[in-house]
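These notes concern the structure reproduced below.
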Amino acid sequence: MSAIARWPRGGMATCCCVSMLAMVVALLVYRDTQLNPHHALRSSGPLSSSSSSSSSVRTAHLGIIRRSMSLMPRRTFVDRSSPYSQHAEPSLSRRCQAYGQGFGASSTSNSNPKKKNKQKEKKKSAIGRMLRVDDSFGGFRYTGSLKPGQQSPRRRVDDGIAVPEYHKSGTPSNNGIAPWDKIEVKSAEDIKKMRAAGKIAREILDAAGRMVKPGVTTDSIDALVHSMCMERNCYPSPLNYNHFPKSVCTSINEVICHGIPDSTVLKEGDIVNIDVTVFHDGFHGDCSEMFGVGEIDDESKRLIQVTYDAWQEAIAYCKPGARYNQIGGIIEEHVTKHGYSSSPDFVAHGIGRKFHTKPFILHCKNNENLGKMEPGHVFTIEPMICQGTSSFVMWPDNWTAATKDGKRAAQFEHTFLITKDGPSTHASKPMPRHKITIKNSIHNLSSL
């Protein structure tokens, strides 16, 4: 499961809120002056002086601002475990319609109910036309054909399972990620435990991959992953990590990463990344892989192959003394030759007792001071490669990142240990399970 390199949502949210506020204020001014031109300057009596006129204008504008603020979409935490969470946040146009009955209300009552209802409908339709907001899925415009399904309730963790620090609060600590923190060198005992966690994660990923076929829901994959974790006395690391609601990530087609399992049904020709991380005996083990649903088209096969090959080239580079900031350039150079792009916004990461820690590794060309590899360093490499633009759109769930142009993305991931001889994978049987030709050079790294 990738970490986030640059989180643009805060700045974007601020700009969007300001723009939205300006739009709604302009809309209401227009509405007050056009649909009911007397309302904007309405006062209790005739405008007999400049002071009374100024006071009336200020009062009218204050009312407009109040109403526009009440219509602004609120960024609230939505409990995605609720079966009603899909409809927890109404769209802007629906809010406008809900408040629209009070817009520009006349100071005199209308005694004709039919005429009154007709006026209300006219106002609401005018607002809808001006905003041009799609009410489907809360007004959010999805970039591809994929839409969120219905989420099942959060799955329960058995008593006696060792849990990570965030299992209740949903908030991991920041230890190990500060600029002055060094990359942890794992001890022999740490490495032994991480091998065990990596092996379990790989076994569960293989089982989840065998479920992939047309007609299967991503929620059923999550159910399998969760139950296998319980059977193996380990905790599914994604569960409640920064409030992620499920036990595994399932990213379909245009979703770059962090797709949330739900009632979505896999269809013939889809591609899906399954990202499994487990917490066992105090350590996390992390891996992901691409799977084709039934028969996939040649372009999807090519995307998966290029992603895998770029990943392999990055792995081959790793050795003691190698710089972490060179990994991204190797990946980007390979994929751009094939017309693809590498996401700069989601990064690989160190892993151990913490899910995400240093080093944080970009999958694109960079000059960041990320340090050098040393024996005992454990980290992931997980390039996310896009058919078109690597720019992404964040879904309203604040987790699912989809390509901005709606084109497909692919990803592979394993956890690696640097030894004196080079990298060693912490996930057994790492060969992809696709019905396409894949190089098998990674087998040279997998004997654990």
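Measuring between alpha carbons in the structure, the pairs from 199/372; 213/404; 168/404; 337/365 lying more than 23 angstrom apart are 199/372; 213/404; 168/404. So the label point goes 7 Å from the Cα of residue 182 along Cα→C-beta, right? Which residues of segment 371-386 then have their backbone N under 15 Å from it? It comes to 371-378, nothing else.
Taking Lys and Arg as +1 and Asp and Glu as -1, the other residues whose beta-carbon sits under 13 Å from that of residue 216 total -2. Close amide H contacts of residue 249 (hydrogens built in the peptide plane, cut-off under 5 Å, sequence separation of 5 or more or a different chain): 275.
Shape class for segment 183-436, computed from the alpha carbon gyration tensor (a ≥ b ≥ c): oblate, with a/c not under 1.5 and a/b at or below b/c. Ordering 232, 154 by accessible surface, largest first, gives 154, 232; the 1.4 Å probe counts only protein heavy atoms, with every chain in place.
Between residue 163 and residue 265, the distance separating the two model label sites (each 7 Å from Cα on the Cα→Cβ line) works out to 3.5 nm. Counting only Cβ charges, +1 for Lys and Arg and -1 for Asp and Glu, the dipole size of segment 183-436 around its Cα centre is about 640 debye. Charges on Cβ only, +1 for Lys and Arg, -1 for Asp and Glu, centred on the Cα centroid of segment 183-436; of 308, 392, 260, which one is farthest towards the dipole's positive end? The residue sitting most towards the positive pole is 308. Proximity of backbone amide H atoms, modeled 1.01 Å from N, is registered between residue 416 and 379, 380, 381, 426 at under 5 Å, excluding neighbours fewer than 5 places apart on the same chain.
Rounded to the nearest Hz, the phi-derived 3J(HN,Hα) couplings of segment 247-254 under the Karplus curve 6.51 cos²θ - 1.76 cosθ + 1.60 (θ = phi - 60°) are 9, 7, 9, 10, 10, 9, 6, 7, where x marks glycine and proline. Once the C-beta distance of residue 210 and residue 419 is scaled by a Förster radius of 30 Å, the resulting FRET efficiency is 0.45 to the nearest 0.05.
The values are calculated or read from the model by the stated rules, or taken from the named source; none is laboratory data. These figures come from a predicted structure and were not determined experimentally. FYI the Cβ positions are ideal-geometry reconstructions off the backbone, even for glycines, and counts take in every protein chain you see. Just so you know, the surface numbers come from the protein's heavy atoms only, side chains and all, with ligands and any DNA or RNA stripped out. Shrake-Rupley method; radii C 1.70, N 1.55, O 1.52, S 1.80 Å.
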